[in-house]
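The values are calculated or read from the model by the stated rules, or taken from the named source; none is laboratory data. These figures come from a predicted structure and were not determined experimentally. FYI the Cβ positions are ideal-geometry reconstructions off the backbone, even for glycines, and counts take in every protein chain you see. Surface accessibility is based on the protein's heavy atoms, side chains included, excluding ligands, DNA and RNA. Shrake-Rupley method; radii C 1.70, N 1.55, O 1.52, S 1.80 Å.
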Amino acid sequence: MTDTINLPMLAEIEPMLVGEKRLEGSEFIPVLNPATEQVLTRIGRAGTAEVDAAVRAAAQAHADGRWRKLPPERRRDLLVRLAELVAAAAEDLAVLETLDNGKPIERARGDIALGLDAIRYFAGAPVRAAGQVAANAPDRHAYTMRQPIGVAALVLPWNFPFMIAAWKLAPALAAGCTVVIKPAEQTPLTALRLAELCLAAGIPPGVVNVVTGDGGTGAELVRHPLVRKVSFTGSTEVGREVMAAAAARIVPVTLELGGKSPDIVFADADLDRMLPMLSRTIFGHSGQMCTAGSRLLLHRSIRDEVLERLVPIVESLKIGPGLAGGVTIGPLVSADQRARVQSYLDLAEGTVLTGGTALPGPGYFVPPTVLTGLSPDARCAREEIFGPVLTVFDFDTDEQALAMANDTEYGLAAGVWTTDLGRAHRMAAELEAGTVWINTYNEFNSALPFGGIKQSGFGRELGDAAVEGFTVVKSVTVAW
Ligand code: NAD
């Protein structure tokens, strides 16, 4: 561990935030450091009573207008203040994220920076909010206004705990909503800190509430009658349940779900640029990324060269605790996740070029693994493994590459490596994915909407679309 890192103080029980009150709850879940398997702290498992208290606090804050009725400039200033506090706490947040999730500290710093960028970006949204004036008769004035939808339930995954909290919270607040956040039970710590920073910034109590707990807590939250919008990031399986619960009450949902993204390398690709990027495409965050380019599609003419160069690169990636510094492959988030990834490797599908077996503990480490020779129907070829496992395929023609890329139930992201501009644009148009990266991968921009199609979900984070997702359009006609 580098000596410049200060470890944060954690309470024995990290409390939830309901209005201004800190609640510990009555049943507890241990929060583990995935690099050591040691208990960092515990969180309460919110039940019906705690979820109800949090939603009612948010509903009261919405009803009395303590947030939505503030002048837009004031809401902007409070979000700017929040960004300043997050910037000041960035290193502490990154250390906390690494302790909680396991990811390398450099990756955690990058995540905090992306979350911070989103808060800064959305701070400007309240003053840009505008409706439209419709053409109408001379004795009529007809216009639209966008209004906050009400209490939003923000349900978070464990792979990007802070970044996704910020990606959801900032546009929700910019829209004028009040929120109840439900972080993943494995990684609740940075969302709890973010909520504290909201209070410290001067965002009125009750506007941002956090309940901790597992899937049961999430289910209680999304079916609460006062919740008016659900923004969920997580697995496709749970996304379906969330959508069904929301359907029962006709509540709109944004679903950011899983992926099995193709990364296509054409014969004319700049391999010197592409190969070092692989640590970001698939192996960063130990493959626990919804956008992971987990299917590498190689033009047959360069397949052997790519694999010859790729394997030594993969084998040189440093595996270790995220706080050690210089690590690419940290532990997976939990024993369950390691068992899940190992269960895919145990299928013994295809040929293992490197990696293939979880490492002995302590810590939930799985080495970066490359599989070739898989049938297109193999489970490892089709299902989201959510670990450091790259599957490799080859193709002969552009049409074949496109068909293989789109032959998945998912549609979150895709990568294209080519120096042919026409081919790049053709692929961007034809790939079934919410995001396409050309000659890069996993790059995010707060102004660019992010989300999926097909089983990867619908609705968008980031960009103007994210704020719209937390609003309703009202049409007004005035006669005289
Ligand atoms: P998960 O679906 O197991 O859990 C996500 C969250 O939902 C957690 O907070 C969990 O407690 C809660 N939850 C569980 N059951 C629930 C229920 N019935 N009702 C309401 N909430 C419930 O997902 P995970 O394992 O934390 O995250 C990994 C998944 O998230 C992967 O599939 C990954 O692809 C996906 N993901 C998608 C994106 C994206 O933007 N598309 C981003 C990150 C992660």
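Within the accessible area of segment 5-120, the carbon and sulfur atoms contribute 50%, probe 1.4 Å, all protein chains present.
One Cα centroid belongs to segment 18-43, the other to segment 416-444; the line between them spans 42 Å.
Here the 3J(HN,Hα) profile of segment 104-119, calculated from phi with Karplus coefficients 6.51, -1.76 and 1.60 at θ = phi - 60°, is x, 4, 5, 5, 5, 4, x, 5, 5, 4, 5, x, 5, 4, 5, 4 Hz, Gly and Pro shown as x.
Over segment 63-205, Cα pairs under 8 Å with separation of 6+ residues give a relative contact order of 31 percent.
Among beta bridges from DSSP that stay inside the chain, the antiparallel ones total about 40%.
Site-free segments of the chain were taken between trypsin sites (Lys or Arg not before Pro) in DSSP loops having at most 13 other Cβ atoms within 10 Å, sites themselves excluded; the longest one is 70-317. Here the 3J(HN,Hα) profile of segment 131-136, calculated from phi with Karplus coefficients 6.51, -1.76 and 1.60 at θ = phi - 60°, is x, 10, 9, 8, 4, 7 Hz, Gly and Pro shown as x. With a ≥ b ≥ c the root eigenvalues of the C-alpha gyration tensor of segment 38-90, is it rounded (a/c under 1.5), prolate (a/b larger than b/c) or oblate? Note, shape of segment 38-90 comes out oblate. Looking at segment 161-206, the pairs of alpha carbons with a distance over 12 Å make up 60% of the total.
Taking every protein chain into account, the accessible area of segment 208-309 amounts to 34 square angstrom per residue (probe 1.4 Å).
Please compute the contact order of segment 404-480 in relative form: average sequence separation of alpha-carbon pairs under 8 Å and at least six residues apart, divided by the residue count, as a percent. For segment 404-480, the relative contact order is 27 percent.
The helix-only estimate of mean residue ellipticity at 222 nm for the chain, built from DSSP H runs of length n ≥ 4 each weighted as -39500 (n - 2.57), is -11500 deg cm²/dmol after division by the residue total. Across segment 214-317 the C-alpha pair distances fall into 10 Å bins from zero in the proportions 13, 33, 19, 17, 15, 3 percent. Taking +1 at the Cβ of each Lys and Arg and -1 at the Cβ of each Asp and Glu, which of 317, 285, 343 sits farthest along the dipole of segment 284-345 towards its positive end, judged by Cα position relative to the Cα centre? Final value for the positive-end residue is 343. Among the lysines of the chain, pairs at least eight places apart or on separate chains and with Cα atoms under 22 Å apart come to 15. About its Cα centre, the dipole of segment 332-472 is roughly 400 debye, where the only charges are +1 on Lys and Arg Cβ and -1 on Asp and Glu Cβ.
Within segment 400-480, what whole-number % of the accessible surface is contributed by carbon and sulfur, with the 1.4 Å probe and all protein chains included in the calculation? On segment 400-480, the fraction of accessible area on carbon and sulfur atoms equals 54 percent. Pairwise Cα separations in the chain fall into 10 Å bins from 0 onward with the following percentages, short to long: 4, 20, 29, 25, 15, 6, 1, 0. Put a plus charge on the Cβ of each Lys and Arg, a minus charge on the Cβ of each Asp and Glu, and nothing anywhere else: the dipole of the chain about its Cα centre is then about 1820 debye. Note: relative contact order over the chain, using C-alpha pairs below 8 Å and six or more positions apart, is 19 percent.
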